[in-house]
Each structure stands twice: as structure tokens, then as C-alpha cells.
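Notes to accompany the following structure.
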Amino acid sequence: MSYVDEVLERVIAQNPAQPEFHQAVKEVLDSLRPVIEEHEADYRREALLERLTTPERQILFRVPWVDDKGQVQVNNGYRVQFNSAIGPYKGGLRFHPSVNLSIIKFLGFEQIFKNSLTGLPIGGGKGGADFNPKGKSDREVMAFCQSFMQELYRHIGAFVDVPAGDIGVGGREIGYLYGEYKKITGLYEGVLTGKGLTYGGSLARTQATGYGLVYFAEEMLKANGIDLKDKTVAISGAGNVATYAIEKAEQLGAHVVTCTDSTGWIYDPDGIDVATLKDVKEVKRARLTEYKAARPNAIYHEGKGVWTTKCDVAMPCATQNELVLDDAKTLKSNGCIAVCEGANMPTTLEATQFIQSNGMFFTPGKASNAGGVATSALEMTQNSERLSWTFDEVDSKLQNIMVGLFRNVDSAAKKYGMEGNYVAGANIAGFLKVADAMKAQGIV
Ligand code: NDP
């Protein structure tokens, strides 16, 4: 049996009932086969893949807090510190009822390669809780965040592990988490990113993942002789990534016609109006039915179905496994030429394989959504320097990082005879740097 297959079997046996984690490991290791075969004896002797697929540390903890009725609630908290070969652990915190160890491990594993790809010195980690901030009062969210940090603080630090936001963790939650960290430790340090601008946050961090996705997609299309301008784009999600992907795509002349939330989706033939979307989602925290109310030409559909929209480019920006095989087939038959992931693993393995083998371009989230974490690393740099850069400085660094990242991915795919396979390119480029650092640091 090949080394990759042995490790895949081992991962499944040692991590039962963790399908998302299995999926992420399989996707990465499958695409690394040519590289691993080249160094098989070496890697096997050093158990490099076993070490890579086993988190350095997994922290599971109880998060008790009191709701507005005086009732004590208990949630599960997680921080998985996956790999610190190239820098302190870095990755977001997700607060969502679906959070479990499998999801946190899949996200943490993917984060290793994504962070490596940015070219910046950051390792991989991820955390969160099965807490649902929706429908909670500010006081309840604060109570939860404070309790969460009362355990987490002992495991993180500006040079140890630097969490950020993710689904359900935005500026409000980061603020409460940071305040509690500061109160417990007395340290005013860059221990979290995505902070508010008045206390160490970076300009352009809010926009970074969505803008970065569009910079990456534009560069990928350009390398294949296609202009993003005037293309029709379907985007899912109505959160941080989706909103700023829509904003940047429209600034660059594309026509974005959809967005979605967890209950339905919008088709707006006049192009999604970002100001209305921000008002509905960022200010009112309401459903997309409110968008329809403000834009009479738009059509609101209950439930799923966004990928039935005729488009040139699809950008899934909501959540994992939201674009399945049937969606990929529909996109193809409607003439779509590219799927660029904004969310983490939004496309199922079967859908990805269909897209890649049917002449469409596919960019994996670990490459195309790396702008967020790259800008988080720029926030860490600014915190260390005690300086704040302007929006344009950060945005232009972000643009350079995304263009460089695409070239890195593209040339790794070409080097191993898989031109145009950006999944393989991203995994290979991300992996080689981490593997090299792990080998250099010995068996730790
Ligand atoms: P947000 O919470 O801001 O937005 C998520 C959006 O997706 C919301 O519109 C939400 O709907 C919808 N959504 C969430 N879960 C589901 C579900 N199970 N089914 C259908 N719709 C769902 O998150 P972000 O925009 O920050 O993150 C989106 C994705 O991008 C995630 O995969 C995240 O891991 C990834 N990502 C985020 C980065 C960042 O910087 N924010 C960086 C890199 C990756 P509703 O409005 O109803 O809540």
C-alpha cells in the first residue's frame, strides 16, 4: 500500500466519526501524491504525514455562562493548535451550533497550507464553540465571550497562538474576547486579529477575504486569457466574505447578481446593491427578505438553489459543502467557466472533481480566500511595530500577496505536470514549505 493510503486509513481509524476532517485530509493527501512519492522513504521514516495529520495540541473545554433569564447555559469550546512549524498558530474562532471537533480539525488542517501559501510566518490552528450568537442579547454574547476567554487565555499569546474571527465571530465578539484577555493577563498585545480600529485593528481587514478572493480570481482568469470585467458572477453568502467579494467584483466591472443567507437567496438582475445588503446584514442583522423589500426588482427564493443562476463565475462564500455535484452540473450546463471558493471547503469532493474534469477552472479556498489571514498577519506586524498603515497601504500589500500567491500555486502545479490544477498547486506549494520546516526542526 502506498504511504498516502496508509496514512489515510490511519487518519480514519484514529479519528472516528469525523467526516469533515477525513474529507479535508483525503483531498490534500490525494493531490500531494506526486510530491510524496518523490520523497516517500524519507517522509515515511520521519512519519512526516502522521505528524502533519495529528494536531500538536487539541484543547476542549467547558464554557458556562448565564443567560438573560438567569439560567446557566453550557457550551463546548475548542482550540486545535495544528502545526507551528513556520510560525505561531493562526486561525479563526467559529461560533455556530454545528461546531464540533471534526469541523474544527478540518478547518485547522486546511489552515496550515493556507497560511503557508501566504508567504507569511504563521502556523495553522482553529477554534470555536457550538454557541449560537443569533438571537442573543449583547450582554449574553459578552458573557459567553468572557467565559470562553477565561479558559482560552492560558493557551494563546502574541507569539504563541493568535485567533481571529470566522462564522459568528465578528468585531463585537473579538472586542469582548480581547477585553477579557487584557483584563486577565494585563497584556496589551496582538493576541487576536480582526480587532476594532481604535484598539489595534488593521484597516482593510474587514474587506480582506472578499477583496482577496476577487484579486485572486481576476489574476487566475487573466493568466488564462479571460477578463473578469463584464462577467456575470453568482455569489453565495451574505456575510463578511460574500459582502466584500461582491463589492470588489462590482468595482472591477463584474455584474454580481446573487447572494444567499441560511434561509434563502436573492437574484437581483440589476446587480446586488452592496449598500442595501450591508444595511440588511450588518446594521439590521435581518433576513434577505428585507433586501427584497428594499429592491423591488430583486427576486427572493426560499431555501437553496442559488447555483441554478446562469453565470460565468461562481463564488461560494457561505459555508462548507454548500455546492454539491448536481450544482456543479447545473453550473456547467449554464455555461459557467470558473468556480472560485471564498468559504472554506464549500465545494464537495465530487463537485470539485466534476468541475476540474469538465473544463472549468477551480480555485480552492485555501488559496483564494487566504487574503483574510494574510491581512491578519499584517495586523500582527502593525501591532508589533506599534504602527498603523493606511487603507491603501494594506490593500496594495493584500493585492500583491494574492497575485504572488496565485503565481506560486500556478507554478507548483506546472512543476509537477498538473498545469491548471490549482487544488494540487495550492496543496503542493503550501505543503513543501511546512514539510521543509518540520524536517529542519527534528522530531517534535
Ligand atoms: P459570516 O458569518 O459573516 O457569514 C456567513 C454567511 O453564510 C451568512 O450569510 C450565513 O447566513 C451563511 N451561512 C452560514 N452557515 C450556513 C449554512 N449552514 N447554510 C447556509 N448558509 C449559511 O461568515 P464569513 O463570511 O466570515 O465566512 C464565510 C465562510 O468563509 C466560512 O466558510 C469561513 O470559514 C470562510 N472564511 C472567512 C474568512 C473571514 O475573514 N471572515 C477568512 C477565510 C475563510 P445568515 O446571514 O443567515 O447567518
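The values are calculated or read from the model by the stated rules, or taken from the named source; none is laboratory data. For clarity, every value in this text was computed on a predicted model and none was experimentally measured. Here the Cβ positions follow ideal geometry from the backbone for every residue, glycine too, while neighbour counts run over all protein chains shown. Side chains included, ligands, DNA and RNA excluded: accessible areas come from the protein's heavy atoms. Shrake-Rupley method; radii C 1.70, N 1.55, O 1.52, S 1.80 Å.
A count restricted to the range 59-77 and to residues that are crowded, with 17+ Cβ neighbours inside 10 Å and farther than 24 Å from Ser137 by Cβ stands at 1.
Of all residues in the range 337-354, those satisfying the criterion of being more than 11 Å from the ligand (Cβ to nearest atom), open to solvent by less than 40 Å² (accessible area, probe 1.4 Å) and of a type in the set (S, T, N, Q) are Thr347, Thr348, Thr352. In the range 96-109, the qualifying residues are those that are of a type outside the set (S, T, N, Q) and near the ligand (Cβ under 9 Å from one of its atoms), and the one that is farthest from Pro16 (Cα to Cα) is His96. For Gly135, the criteria (1) modelled with pLDDT under 95; (2) within 12 Å of the ligand (Cβ to nearest atom); (3) farther than 18 Å from Val66 by Cβ hold in every case but one, which is (3). Of all residues in the range 263-282, those that are exposed (fewer than 15 other Cβ atoms within 10 Å of the Cβ) and either among the aromatic types (Phe, Trp, Tyr) or within 12 Å of the ligand (Cβ to nearest atom) (or both) total 1. Tell me, please, whether a residue that is within 16 Å of Leu398 (Cα to Cα) and not small (Gly, Ala, Ser) can be found in the range 195-202. Taking every residue of the range 195-202 in turn, none turns out to be within 16 Å of Leu398 (Cα to Cα) and not small (Gly, Ala, Ser). Scanning the range 42-58 turns up no residue that is among the hydrophobic types (A, V, I, L, M, F, W, C), surrounded by 16 or more Cβ atoms within 10 Å (Cβ to Cβ) and under 20 Å from Gly128 (Cα atoms). Within the range 237-262, the residues that satisfy the criterion of being assigned to a loop (DSSP other than H, G, I, E, B) and within 16 Å of the ligand (Cβ to nearest atom) are Gly237, Ala238, Gly239, Asp261, Ser262.
The combined condition, being open to solvent by less than 10 Å² (accessible area, probe 1.4 Å), closer than 21 Å to Val169 by Cβ and free of Cβ contacts under 8 Å to residues at least 60 places away in the same chain, is fulfilled by Thr243. Pick from the range 182-226 the residues that are under 19 Å from Met315 (Cα atoms) and acidic (Asp, Glu): which of them is surrounded by the most Cβ atoms within 10 Å (Cβ to Cβ)? The qualifying residue surrounded by the most Cβ atoms within 10 Å (Cβ to Cβ) is Glu218. Within the range 214-236, take every residue that is among the hydroxyl-bearing types (Ser, Thr, Tyr) and under 23 Å from Pro269 (Cα atoms) and give me the one that is nearest to the ligand (Cβ to nearest atom). Among residues in the range 214-236 that are among the hydroxyl-bearing types (Ser, Thr, Tyr) and under 23 Å from Pro269 (Cα atoms), the one nearest to the ligand (Cβ to nearest atom) is Ser236. Among residues of the range 292-317 being among the hydroxyl-bearing types (Ser, Thr, Tyr) and without any contact (Cβ under 8 Å) to a residue 40 or more places away in the chain, the one that is nearest to Lys134 (Cα to Cα) is Tyr300. Taking the range 355-364 as the range and being open to solvent by 40 Å² or more (accessible area, probe 1.4 Å) and assigned to a helix (DSSP H, G or I) as the test, the residues that pass are Gln356, Ser357. Mind checking which residues of the range 89-122 are of a type outside the set (A, V, I, L, M, F, W, C) and within 20 Å of Leu177 (Cβ to Cβ)? Hits for the range 89-122 are Tyr89, Lys90, Gly91, Gly92, Arg94, His96, Pro97, Gly108, Gln111. Strands (runs of 3 or more DSSP E) fully within the range 1-109 that include at least 1 residues being among the small types (Gly, Ala, Ser): 72-83, 89-95.
Residue check: Ser84 meets all listed conditions (1) polar (S, T, N, Q); (2) within 18 Å of Ala367 (Cβ to Cβ); (3) modelled with pLDDT of 95 or more but one, namely (2). In the range 149-181, of all residues being open to solvent by 10 Å² or more (accessible area, probe 1.4 Å), touching a residue at least 60 places away in the same chain (Cβ under 8 Å) and more than 16 Å from the ligand (Cβ to nearest atom), the one that is nearest to Thr193 (Cα to Cα) corresponds to Ala158.
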